[in-house]
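Below: the structure, in structure tokens.
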Amino acid sequence: MTTFLRVFFVGGVIAFRGLFNWIRPAIYIPTMLGSPLFQLIFFTKLGQYAQAESTDFYVVGNSVQVCAMAAVYGMTMAISNERQMQTLGPLLASPANRAAVFLGRGVPVLANGLLVSAFTFAAGAVLLGFHPGLDAVPPLIVIVLVTVASCTCFGMLLGSVGLRAKDVFFASNLAYFLMLLLCGVNIPLDVLPGWMSAIGRCLPLTHGIAAAREVAAGASFADVGGLVATEAGIAAAYGAAGFLLFRFFERESRRSAVLDVY
Amino acid sequence: MNALRLIWAGFRMNLKMLGTSSFFMLTAVVQPVIFATVAYYMFRSGGRAGTLLYASLGAGMMGVWSTTLFASGGMIQWQRWQGTLELGVASPPTMGLLYLPFSLANAFTGMYALAATLVWGRLVFGVPLRLAHPFQFALALPATVIALGLMGLVLASTFVLYRNANALANLLEYPVWIASGLVFSTSLLPAWTRPISWILPPYWGILALRRAALGGDVWGPLTMVLVAGAAYGVVSFFTFRVFEHRARARATLSLT
């Protein structure tokens, strides 16, 4: 158990530092803080111009959604970049518990997603007058945590595909943009056609955003327990699918000797 | 004549390179269509009437800007990675002239975005494509694309010195969409942002395209597109010269 935890935490942090060694303030601040901030302003102003929903609707939707940037892209890179950096072979040759290796990579990504969401919520409060009340803050933190976990698990699935696919970033970019459309970030689900909202309900974010909006509007955590549980269930489903796919591609890559090969 | 041949050859080559990149197809076609769809549904659910063609044009221009931004930001960096930047700098033409066709091709690829959002809007949402001034629209579109290409050239020149080009490109996508009022009026923004809008070719470009499509005076904004484009062209040749000299003096040209 100690070894599992060491690989999970220490291995996860070391892998993050190694795979994301290019992250410096000059890159992190414009990409992870600047871009979400302007996304928030863009969609809020667009909503105001279209006379669609309230400002709070866009602040909550986008502040929760931006965690996907950190979680989906981050987790995709945390797995698939091992192949790009030619370190996948040594990693898979080690006897380390695969679940610890796989899940440990999600911890720094999850922390980063929380930070990005928290920053965007704070920007919404300062710039756009979003004031949910102090009572709403603890449940919002829990909801964002579950939602980031869900997006991280979705990123694990995409990252696992990256063990074999030639261009996984096309898929992760596409997924990120589709989340803006399908997950109720800027458009209420009942406005979308049935098939679109049905897809949205199977994706991460959707239930988390709905729960966050209700809490921001004054509901208690108990009132949104079902939505949060659904989001957690979606996280578990994507996490399990990602892990199974990771093991499958590992075995197949060894069998057909295409590990590290593009 | 040599300059024209250089521009044509560079334009064609970069167009082919961009055409094989899945990232640019995503930026120039898929992303604008998704953003256009988001905008359509936001307008549909809102109280503002008659705005779907407005959204189509705006989402298309968003794609033109994104493609120009990422491609212009990336072209210096990619050449650095491929080891061809020094060869370009060492060649007889000025660096600005050398990269002008690349930047124009980037903006031209962005035109796919406008075509994609207009066709998508027509087929899926039944957005009417009746243009109030088709001739002026046909003039405004290439003028806007060329002006954006020249603006991209200024950005590209700064990336000769600034090695975190991708981060800057990530940052600049939304602010230009916002300040140019591509899908909403800039009157929603604070008054201090107006001068920022005025110096951006996409601001005048979308105004010209929107008026050509929906009605209104096109010549005023079209003139401003040309003026802004020419100004960016002049600035880019100056900045390329200065930044190239600095990069060579500091021996940082090929450092990644």
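Which of (1) buried (at least 18 other Cβ atoms within 10 Å of the Cβ); (2) out of contact with any helix residue (DSSP H, G or I) (no Cβ under 9 Å at 6 or more places or on another chain) does B:Asn2 not meet, given it meets every other one?
(1)
Condition check: at pLDDT 95 or above, closer than 21 Å to A:Asn173 by Cβ and out of contact with any Leu (no Cβ under 7 Å at 6 or more places or on another chain). Does A:Phe57 satisfy that?
No: the conditions fail for A:Phe57.
For A:Gly226, all conditions in the list (1) out of contact with any His (no Cβ under 9 Å at 6 or more places or on another chain); (2) surrounded by fewer than 15 Cβ atoms within 10 Å (Cβ to Cβ); (3) assigned to a helix (DSSP H, G or I) hold save one; what is the number of the exception?
With respect to (1) out of contact with any His (no Cβ under 9 Å at 6 or more places or on another chain); (2) surrounded by fewer than 15 Cβ atoms within 10 Å (Cβ to Cβ); (3) assigned to a helix (DSSP H, G or I), A:Gly226 is out only on (1).
Scan segment A:254-262 and give yes if some residue there is free of Cβ contacts under 8 Å to residues at least 24 places away in the same chain and under 24 Å from A:Tyr73 (Cα atoms), otherwise no.
yes
Can you name the residue in segment B:208-217 that is touching a helix residue (DSSP H, G or I) at 6+ places or on another chain (Cβ under 8 Å) and over 17 Å from B:Gly60 (Cβ atoms) and is also modelled with the highest pLDDT among such residues?
Ranking the qualifying residues of segment B:208-217, first place goes to B:Asp217.
Please go through segment A:1-57 and give me each residue that is hydrophobic (A, V, I, L, M, F, W, C), more than 7 Å from chain B (Cβ to nearest Cβ) and more than 19 Å from A:Met77 (Cα to Cα), ordered by number.
Passing the criteria: A:Met1, A:Phe4, A:Leu5, A:Leu37, A:Leu40, A:Phe43, A:Phe57.
Sort out for me the helices (runs of 4 or more DSSP H) sitting completely within segment B:6-100 that have 1 or more residues that are within 17 Å of the chain's Cα centre (by Cα), within 14 Å of another protein chain (Cβ to nearest Cβ) and within 22 Å of B:Val176 (Cα to Cα).
B:22-25, B:31-45, B:52-82
Looking at segment B:100-117, which of its residues are crowded, with 23+ Cβ neighbours inside 10 Å and of a type in the set (Ser, Thr, Tyr)?
B:Ser103, B:Thr109, B:Thr117
Have a look at B:Leu253, B:Leu226 and point out the one that is assigned to a loop (DSSP other than H, G, I, E, B) and either surrounded by 16 or more Cβ atoms within 10 Å (Cβ to Cβ) or under 22 Å from the mean Cα position of the chain (by Cα) (or both).
B:Leu253
Has segment B:214-221 got any residue that is in contact with a His (Cβ under 8 Å, 6 or more places away or on another chain), crowded, with 18+ Cβ neighbours inside 10 Å, within 24 Å of B:Arg48 (Cβ to Cβ) and more than 14 Å from chain A (Cβ to nearest Cβ)?
yes
Could you list, ordered by first residue, the pairs with Cβ atoms under 6 Å in which the first is in segment A:171-187 and at pLDDT 90 or above and the second is among the hydroxyl-bearing types (Ser, Thr, Tyr) and buried (at least 24 other Cβ atoms within 10 Å of the Cβ), at least 6 apart or interchain?
Hits for this filter: A:Leu181/B:Thr37; A:Cys183/A:Thr206; A:Gly184/A:Thr206.
Quick one: which of A:Leu174, A:Leu189 is under 15 Å from the mean Cα position of the chain (by Cα) and either within 13 Å of chain B (Cβ to nearest Cβ) or surrounded by fewer than 23 Cβ atoms within 10 Å (Cβ to Cβ) (or both)?
A:Leu174
The values are calculated or read from the model by the stated rules, or taken from the named source; none is laboratory data. In this text, all values refer to a predicted model and were calculated from it rather than measured experimentally. Positions of Cβ are backbone-derived with ideal geometry, glycine not excepted, and every protein chain shown enters the neighbour counts.
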